[in-house]
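Worksheet: the structure to be examined is printed underneath.
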Amino acid sequence: MFKNMIVYRIAESWQMDLTQVEEALAKTPFEECGATQEKSVGWMPPRGEEHGLLAESVGGQWILRLMSESKMLPGSVLARKVKEKAARIEQETGRKPGKKESKELKEEAKLDLLPMAFTKQGSTWVWIDPQAHLLVLDTGSQGKADEVVTMLVDALPGLSVALLDTQTAPQAAMALWLKEQEPPVGFSIDRECELKSADEAKAVVRYARHPLDIDEIREHIEQGKLPTKLAMSWDDRVSFVLTESLQIKKVSFLDTVFEGQKQDDAGFDTDVAIATGELSKLLPDLVEALGGEGRTELGGAGGSVATSRPAPEKQPSAVDKSAAVVTTEGDDEEDPPF
């Protein structure tokens, strides 16, 4: 739960209680795709229990879960089906289908294939802190976050949110921390980072499982390369990767968080309590380390959404962790192993 975080500020004018949220979400519950339906999105019980509540509260923190299901229809399969249909028309009539007819054939082929297509399901955890007026989404994709926010704004009357903003840009702060080797109070710099140049070359330098308190890092920054990702730890309790767009990725709770926990202390309530308990303390400390919260423009009671930050890069893939890695490459390479 909450391996990645995209954080929004909720307008203080929004006032709904948990019962009202439950009733609003119940209007769009998740249902599996129909035979010819490409995608289905809706709310499901966070506990995973059939007919359970769609909005749960643990320690005053609200947890929701958005489920999506989509049909996997490879483009090559669809193209082959369209080609077969077009060939049949040409054989029967002696003419090739025109542009408009080809488009109709594609839709017809899609409807033929969808009932046989495999489905893929995925869910996104949603955390609302009603006291701190924060919305946290467990995703590293801005596109997915936009989809979840749209569903929330459509479902909850008067909801208005904007991406969390800070007085100091994360990139500028990360560059200073690396150059001076002085992380903010309560934080430490770990062994992974990515630096990227702003010129046309878009050169990228990536460090993984490598000490960052070296002159080479400072030289890269002085030459114009700026950090886009930096691995950090907070209070020896939570490790994470901070990005230039203020996304928090690869969240991991360290052993100190679980000291005193019994082995049978597991389940939904415990997971939520641990995650929200730690992260609700980390977030204000991180905002303070970035100079405090910026002036976020929120819409009024009409439920508008302000999203000004750029979309993040694609999610990186896992790699062997047995050795330190330093790479220098162009911008067209895949994301680093963190």
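Applying the set (1) under 21 Å from the mean Cα position of the chain (by Cα); (2) within 21 Å of Lys179 (Cα to Cα); (3) of a type in the set (A, V, I, L, M, F, W, C) to Ala275 leaves exactly one unmet item: (2). Looking across region 42-69 at every residue that is open to solvent by 40 Å² or more (accessible area, probe 1.4 Å) and in a strand (DSSP E or B), the one that is nearest to Val153 (Cα to Cα) is identified as Arg65. Taking the conditions (1) surrounded by fewer than 18 Cβ atoms within 10 Å (Cβ to Cβ); (2) in a strand (DSSP E or B) in turn, Gly34 satisfies each one other than (2). Glu56 meets all of the listed conditions (1) within 22 Å of the chain's Cα centre (by Cα); (2) farther than 26 Å from His133 by Cα; (3) of a type in the set (Asp, Glu) but one, namely (2). If you go through region 184-221 and pick out every residue that is open to solvent by 40 Å² or more (accessible area, probe 1.4 Å), within 27 Å of Leu254 (Cα to Cα) and without any contact (Cβ under 8 Å) to a residue 40 or more places away in the chain, you end up with 3. The condition of being surrounded by 12 or more Cβ atoms within 10 Å (Cβ to Cβ) and without any contact (Cβ under 8 Å) to a residue 24 or more places away in the chain does not hold for Ala24. Within region 159-183, if we keep just the residues that are within 30 Å of Val21 (Cβ to Cβ) and not β-branched (Val, Ile, Thr), the residue that is surrounded by the fewest Cβ atoms within 10 Å (Cβ to Cβ) turns out to be Asp165. Looking at region 148-175, I want the residues that are part of a helix (DSSP H, G or I) and have a partner that is acidic (Asp, Glu) with Cβ atoms under 9 Å, at least 6 apart or on another chain. Which pairs are those? These pairs meet every condition: Pro170/Glu244; Gln171/Glu244; Met174/Glu244. Looking across region 222-245, just one residue is of a type outside the set (Lys, Arg), open to solvent by 20 Å² or more (accessible area, probe 1.4 Å) and touching a Lys or Arg at 6+ places or on another chain (Cβ under 7 Å), and that is Leu226. Considering only residues in region 86-96 that are in contact with a Pro (Cβ under 8 Å, 6 or more places away or on another chain) and not β-branched (Val, Ile, Thr), the one that is modelled with the highest pLDDT turns out to be Ala86. What are the residues in region 257-281 that are open to solvent by 50 Å² or more (accessible area, probe 1.4 Å) and farther than 28 Å from Leu163 by Cβ, if any? If the condition is that a residue be open to solvent by 50 Å² or more (accessible area, probe 1.4 Å) and farther than 28 Å from Leu163 by Cβ, then Phe258, Glu259, Gly260, Gln261, Lys262, Gln263, Asp264, Asp265, Ala266, Asp269 are the ones that fit.
Summed over region 97-107, the residues that are surrounded by fewer than 12 Cβ atoms within 10 Å (Cβ to Cβ) and modelled with pLDDT under 85 give a count of 1. The set of residues in region 251-260 that are part of a loop (DSSP other than H, G, I, E, B) and either in contact (Cβ under 8 Å) with a residue 12 or more places away in the chain or touching a strand residue (DSSP E or B) at 6+ places or on another chain (Cβ under 9 Å) (or both) contains only Leu254.
Listed here are the strands (runs of 3 or more DSSP E) enclosed by region 176-250 that have at least 3 residues being within 22 Å of the chain's Cα centre (by Cα): 187-197, 225-234, 238-243.
Every test in (1) surrounded by fewer than 17 Cβ atoms within 10 Å (Cβ to Cβ); (2) under 25 Å from the mean Cα position of the chain (by Cα) is passed by Val153 save one, and that test is (1).
Return a yes/no flag: does region 81-102 have any residue that is of a type in the set (Val, Ile, Thr) and closer than 30 Å to Met1 by Cα. Within region 81-102, none of the residues are of a type in the set (Val, Ile, Thr) and closer than 30 Å to Met1 by Cα.
If you go through region 70-89 and keep only what is open to solvent by 60 Å² or more (accessible area, probe 1.4 Å), over 36 Å from the mean Cα position of the chain (by Cα) and under 10 Å from Ala109 (Cβ atoms), you end up with Lys83, Glu84. Might you check whether a residue that is acidic (Asp, Glu), touching a strand residue (DSSP E or B) at 6+ places or on another chain (Cβ under 8 Å), over 30 Å from Asp165 (Cα atoms) and surrounded by 14 or more Cβ atoms within 10 Å (Cβ to Cβ) occurs anywhere in region 108-130? So far as region 108-130 goes, no, none of its residues is acidic (Asp, Glu), touching a strand residue (DSSP E or B) at 6+ places or on another chain (Cβ under 8 Å), over 30 Å from Asp165 (Cα atoms) and surrounded by 14 or more Cβ atoms within 10 Å (Cβ to Cβ).
The values are calculated or read from the model by the stated rules, or taken from the named source; none is laboratory data. Remember, predicted model here, so these are calculated numbers, not experimental data. Don't worry about glycine lacking a Cβ; one is built from the backbone with ideal geometry, like all the others, and counts go over all protein chains shown. The area values use the complete protein model at the heavy-atom level, side chains included, leaving out ligands, DNA and RNA. Shrake-Rupley method; radii C 1.70, N 1.55, O 1.52, S 1.80 Å.
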